[in-house]
Amino acid sequence: MMQTEKLARAVSAGNAWSVSQELALQGDQHALELSNLCAKIFEETEAETQRLERLAADLDATATPDRSGQLHLIEVSAARREDAQRFVSRIQRDGYVGWQQFGGGAAESFFRHEREATLVCLEGTAFTVVVRWGQSRRAARLPGPLRPSANDHNVVNLPSKLWPAYIAVRPLRLAKDRLRPNTRGRRSLGPILSTPESLLEKLFDFAEITPDDHLVDLGCGEGRVVLAAAEKRGCTATGVENDPRLVALAEKRVAGSGVSARQVRIVEADATDFPLDDASVVFLFIPAEEIADTVYQIRSNGFDGRIISHEQRYIPGGIRPTASTVITGNDALTVAYLWP
């Protein structure tokens, strides 16, 4: 097996640090660079972990950095739901954005019925924080089909004291969906994922982006990929996002950049059925579990341009990429894929 392929598989398996150290001892310069990067990522993650622990100094919560050396991931374990809620509120004020965005009764219902919340930092280093807490006895006794989900919390905004009403919202929403399928919420390609800035130039090299291209980022988040493609490669770019708060962030980012609205546009739409008639490149940074199905759907709809994605985990599914390579930046690493 070629060393580059071995490193790519190691990244997907979550053991890039140990494998790159082994290959570095054999004189592989690329492996040495990857090993040093993994050490740096762990050091940064450990430092952010300590900073977050200081934010939670008065709470019964502990933070642990991911030790793979690949992920800027921090896991926080809170003894009580109340501690988890306070911690989440604090790091949201500190710049983190939650995958779940609820207020009032919806937030109270979420924390009482779920057991974890995930937040990401969309500026600077792309840290991810997973906060876990013990589920209440009442929620544990509630049958899964009756437990409110994100879709239920988005139906109506109730005051905090009325959080138990979301148990009743769920069957009403499900009944409405069955009777009127066209009222169902937009299908999601997964939670917020943000491509580190330091990887973008090499990802564009891998995809061979030129000024003649029109790049479409499906699930563009806060718009950093489309803006960077326009600024660095001179192409036109469209970001497609179905989360209104991320659309607003992307539009703000583009408006403050000096790039013309004709070169970059942000569209609030369902990325799973967005027309790609004038696109030449599709960019995907979505959960690994969604990639193969999304590629299949894109091809089934007649798109014959280049499809590029990147991911640190193994990608399941019947469709396999035609090319892949490990890409590193000064603070991140990933595996880039080109799809048939």
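At a glance:
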quantity: Cys38, Cys235 arranged by Cβ crowding within 10 Å, fewest neighbours leading; calculated: Cys235, Cys38
quantity: Value of Rg to Rh for the chain (Rh from inverse mean 1/r over Cα pairs, i.e. Kirkwood); calculated: 0.98
quantity: For Arg253, Arg137, order by how many other beta-carbon atoms lie within 10 Å, fewest first; calculated: Arg137, Arg253
quantity: Length gained when the stretch Lys6-Arg54 is fully extended (0.36 nm per residue, less Cα-Cα span); calculated: 13.4 nm
quantity: Summed residue charge, Cβ within 10 Å of Arg224's Cβ, Lys/Arg positive, Asp/Glu negative; calculated: -3
quantity: 29 Å Cα-Cα reach of Lys161 towards lysines, excluding residues that sit fewer than 8 places from it in its own chain; calculated: Lys176
quantity: Rg to Rh, two decimals, where region 72-183 supplies the alpha carbon set and Rh follows Kirkwood; calculated: 1.01
quantity: Residues Thr62, Thr45, sorted so that the one with the fewest Cβ neighbours within 10 Å comes first; calculated: Thr62, Thr45
quantity: Range of Cα positions in region 268-340 per principal axis (Å), largest first; calculated: 35, 27, 19
quantity: Above-threshold pairs, the threshold being 24 Å between Cα atoms, out of Lys40/Lys202; Lys6/Lys40; Lys6/Lys232; calculated: Lys6/Lys232
quantity: Region 26-77: radius of gyration over Cα atoms, expressed as a fraction of 2.2 N^0.38 Å; calculated: 1.41
quantity: DSSP beta bridges in the chain [antiparallel fraction, %, rounded to 5]; calculated: 50 percent
quantity: Cβ-derived FRET efficiency at R0 22 Å, Ala248 paired with Glu46, nearest 0.05; calculated: 0.10
quantity: Length released on extending from Gln92 to Val156, taking residue separation times 0.36 nm less the Cα-Cα span; calculated: 20.8 nm
quantity: Relative contact order %, region 182-330, counting alpha carbon pairs below 8 Å whose residues are six or more apart; calculated: 26 percent
quantity: Eligible aspartates and glutamates near Lys252 by straight Cα distance, threshold 15 Å, same-chain separation 8 or greater; calculated: Glu123, Glu222, Glu241, Asp243, Glu268
quantity: Ellipticity estimate at 222 nm from DSSP helix runs (n ≥ 4, -39,500 (n - 2.57)) divided over the chain, nearest 500; calculated: -12000 deg cm²/dmol
quantity: Kirkwood estimate for region 178-334, i.e. one over the average of 1/r between Cα atoms, Å; calculated: 16.0 Å
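The numbers here are math on the coordinates, done by the rules we state, and not lab data. Computed from a predicted model, the values in this text were never measured in an experiment. Here Cβ is always computed from backbone atoms with ideal geometry, including for glycine, and neighbour counts include all displayed protein chains.
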